[in-house]
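Remarks on the structure that follows.
Derivation of every value follows stated rules applied to the coordinates shown; laboratory data play no part. Small disclaimer: the values here were computed from a predicted structure and weren't measured. Cβ placement follows ideal geometry from the backbone for every residue including glycine, while neighbour counts extend to all protein chains displayed.
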Amino acid sequence: MIHTIRSGFRNWPIRLKLIFTGLLTSSIALMLAGTSIVGYQWYQYRSDVAAELTSVADMIAVNSSAPLIFGDQRSAARTLAPIKAETRVAEVAVYQTGGDLFATFVRLGINDAHFPPAARIGDQGFEWFSLRVARPIVVDGENVGAVYIRSDMPDLGPRLYRNASIMAGVMFVAALVALFATSVLQRLISQPIQHLANVAREVSSGNNYAVRAVRETSDELGVLTDAFNSMLEQIESRDQVLETKVTMRTAELTRSNEDLIVARDKAEEGARLKSEFLANMSHEIRTPMNIIIGMTQLTLDTRLDTRQKRHLSMVRSSADALLTIVNDILDFSKIEAGKLDLDMVEFGLAECIRERTASLSIRAQEKGLDLNIQIDEDVPDTIVGDPVRLGQIVVNLVGNAIKFSSTGRIGIHVSLEDQLTLKEKTGADAALLRFSIADDGIGIPAHKLGTIFEAFTQADGSTTRRYGGTGLGLSISRKLVEMMGGRIWVRSEVGRGSQFTFTVLAALPKQIPVQAAAAPGSETARGMVVMPDREQRDLLAEMLTNWHIEAASMDSPAAAIEVMKWSGRVGRTFSFALIDSVLAADEQGRFLREMGVNPELALVRIVLVDRSGSLPTAPGGPAAIEWPVSQSALLQVIADLLGSQKNTSKSMRALATALGAQTTSEGTAVWDRLRRILVAEDNAANREPIMALLETRVPTEAVRMVGDGREALLAAGEEQFDLILMDIQMPQLGGNEAAAAIRLIDARRGVHTPIVAITANAMKGDREIYIAGGMDGYVSKPIDFDTMFLEIERVMTMPVSWDI
Amino acid sequence: MGGTAWRASTIALAAVLAMSLAAAGGAGTMASSDVETRIKAAFIYNFARFIEWPGRSGTGPVRIGILGHGELASPLEEVIRGKTANGRSIEVTHIGAATDMDCCEILVIEHSESKHVAEIVQSLAGKPVLTVCDGGNCVRDGVMVVFQIVEESVRFQINQQAAEHAGLKISSQLLKVAIPAEGRHQ
């Protein structure tokens, strides 16, 4: 308790402490003084009363002596009578020598008068409010008796009370004065302290060392203030020194930073210039290389003797190798320079892989290798990404596999590595696809596995010598894979083959709404096969499935009708039905009737599989295909069919690709149809190889050359061409503008002239821009001859009828 | 009231005896007249203590003369034995003739001389002698102190005029105790 009071007091503000101390001190002093004064007054009063009583007693003694001697109590009583005037006297007694009471006086109002025995009377005695005095009565030297007087000091109480009241009043006033004085005093002491504290707080909270406390007095507080201020000054000056130092250091640092930035910029600029130079050089090399290759090929196609053919073949293959190297270096330097941007377009994955590996499969076949593509069911059909670069990776790995294999098979396997997890992680619709390319080739030694993805390395130096190549392919592939958010790795065993696997993070197209299921390019066509023989039925269905056509096969027309009706009601209309002519005539007839009357089936085109080879094909009637059904014939029929339905589905593109590939391998059907070709190209250096290329396929007079877009437009107005090759960047009128104008002419004529754009550099999103601009296809410069042939054949076989 | 008065008288007597006769030895049992006589004797002695005789030498003994024959002589001698009054010794003398009457300070006139009081007083006129008479009409005759019995107590009356005429100074204290001169007693 005391401890808490003490510690509480210790924590009081100085202001309160001072006031409290002042009050306490003054109160104690006043109380001491007051008590002393009252005590002294009391003592003084008592002494006065005692003296008075003594004189009264002496008087009584004198006056009582004769009555005592002469035994006259009456006279004695008379003697005591005047005592009444002495208000302080309460009791008086006169004793004889023997101690007997001789006469008494008791003040009126005192009821309990008590006279002590004479022997017990001292000279003087006090009780609380009572004073006793006794005096002997002496006559002629003889003690004849005694007088006893008691006073109850009646005015002592009021007098003490009055004094105490005055004291209390004085104390109160003194306390007020003390309070006032200490308040003033505490202001003198605690205000400077408070001021110091405020300044200190300002310093610490604002880190402002420039403020100073104001010194008002020259006492200890003034000394404290001075000390505080000098401390602040020291801190401030030290801060200034530090600040100066920091400023100097910062300046030095900034200078060196700037130097570093300049140096870094210089270095980066150097690297960039180097890469740019490399890219430009590669590009400059590529153009003549393409011409060399093209011309060599053209010459090879002419009549040559065996030796010339062998030499030219060596020229051709060396040029191919050189071009590959140049392309790799170009890609690599682009990647290194950070100039390679990935496309973000929607594309069909399977289509992309098939397209890009089409030419490789020919090479594989030439080496007797079996190239097999397997795409898992759960792999998304359409993804968003860069089809060119993804294809490049696949082509590179497959190309390597072909290069380093002499027997066995090469497998391409695409699977879905992860989808849901990614969705949760990124919140975006994306798929991690896994591509695996396996071969039965020579394999890679274990100690080389770690470095094959590094630039300019191959399994060993001898490999380069034996198999050619730059060793940049894998390095480029790895960089591309990493850019696509994946990784690449290899498992290999010498003599047993290699398996390259990479993952790619591919975005998925925005969720297609239900009614948009029929949107161009995303849906698949549906086809029905009605054929009693199960094996034949399944064979046809498999062919259709290969072209991304959803195939159903039934053994009876009735069942097929039911399925197609049901399917049509849920919006999955069948595009066509193949019906076997081996079926009974009445069954065929019923089938055709059913097809005619059911509105769900009205749009389903019918293809008769003609076993007799004698069925007439009436215009507007069912299409027919001869038995045994060849894949190319079926492809042509279905492509025509879907093309006439303006079908732009995935199936349609698959068919077109297949048709293109078929045409390439089969030969010249396309070129037979090309009787008039217009080439618009301003650069003479490009005109010659294009001319030479076309001359290998069509007569020279079929080709008309113009130098710019305006001339091209004039030419197109003069005559109808079967194909136009249009350079994009031309003087007078650009390729895009010319194409748009030609489309107007087409519209007037009710035709569609296939136009293939020739572009300077394949840039991001180019294909989409050209297609949207009215082109049917495009090839990029420098012109690769094979690519150009393939693109022309693709465009020519594209059974698309355009809305004009 | 008679009871109270008696008791007071007794107390007074006891006081007087205690003071005046303490040295007289055991008094034994006495008759009431004896007590009265002895009180009177003590009173006479005490008168000497309250009176001054300015005309006479203050150093010699206080002489108490007894004129006539009565009961007072012997108790008085007992009372004064060994006593002093205001530092003076006290003597008791018997006076046979009136001629020697002025040779003493106090003259006690016994009953035997009661018929001659007036003559005695006449002869002492102007002389500083305190005349004391025991009862009767002595006051009228000009005796200065006359014993009386008031309410069974021995009291006395003082003829202040006579005393002053004789040049005696009587203490006021003594006057206070005395019976007032005229008609003061009941």
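Summary of values
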item: Percent of beta bridges antiparallel (DSSP, chain A, rounded to nearest 5); result: 55 percent
item: Two-site FRET efficiency, A:R159 against B:L175, from Cβ-Cβ distance with R₀ of 41 Å, rounded to 0.05; result: 0.50
item: 10 Å Cβ neighbours from other chains, averaged over peptide A:92-101; result: 2
item: Distance between modelled label sites at B:Q122 and A:L416, nm, 7 Å Cα→Cβ extension; result: 18.5 nm
item: Efficiency of FRET from Cβ geometry, A:L188 and A:L242, R₀ 35 Å, rounded to 0.05; result: 0.40
item: Cα gyration tensor, the range A:15-58 - rounded (a/c under 1.5), prolate or oblate; result: prolate
item: Pairwise label distance in nanometres, A:R593 with A:N111, each label 7 Å out on the Cα-Cβ vector; result: 15.2 nm
item: Centre separation in Å (Cα based) which lies between the range A:545-614 and the range A:105-183; result: 146 Å
item: Flagged links, alpha-carbon separation over 27 Å, of A:K339/A:K403; B:K40/B:K176; A:K274/A:K448; A:K479/A:K781; result: A:K339/A:K403; A:K274/A:K448
item: The range A:681-786: GluC sites (Glu not before Pro) falling in loop per DSSP and having at most 15 other Cβ within 10 Å; result: A:E719
item: Separation in nanometres of the label points that stand 7 Å from Cα toward Cβ, at B:R81 and A:D219; result: 9.3 nm
item: DSSP loop trypsin sites (Lys or Arg not before Pro) with at most 10 other Cβ within 10 Å: longest gap in chain A; result: A:1-302
item: Relative compactness, chain A, computed as alpha-carbon Rg over 2.2 N^0.38 Å; result: 2.27
item: Which of A:V414, B:V108 has the fewest Cβ neighbours within 10 Å, and the rest in rising order; result: A:V414, B:V108
item: Exposed-loop-free span, longest in chain A, where chymotrypsin sites (Phe, Trp or Tyr not before Pro) count as exposed if DSSP calls them loop and at most 15 other C-beta atoms lie within 10 Å; result: A:457-801
item: Full-extension gain in nm, A:L24 to A:K367, via 0.36 nm per residue minus C-alpha separation; result: 111.7 nm
item: FRET efficiency estimate (nearest 0.05) - Cβ-Cβ, A:E284 to A:Q374, R0 41 angstrom; result: 0.50
item: Burial ordering of A:M691, A:M554, fewest other beta-carbon atoms within 10 Å first; result: A:M691, A:M554
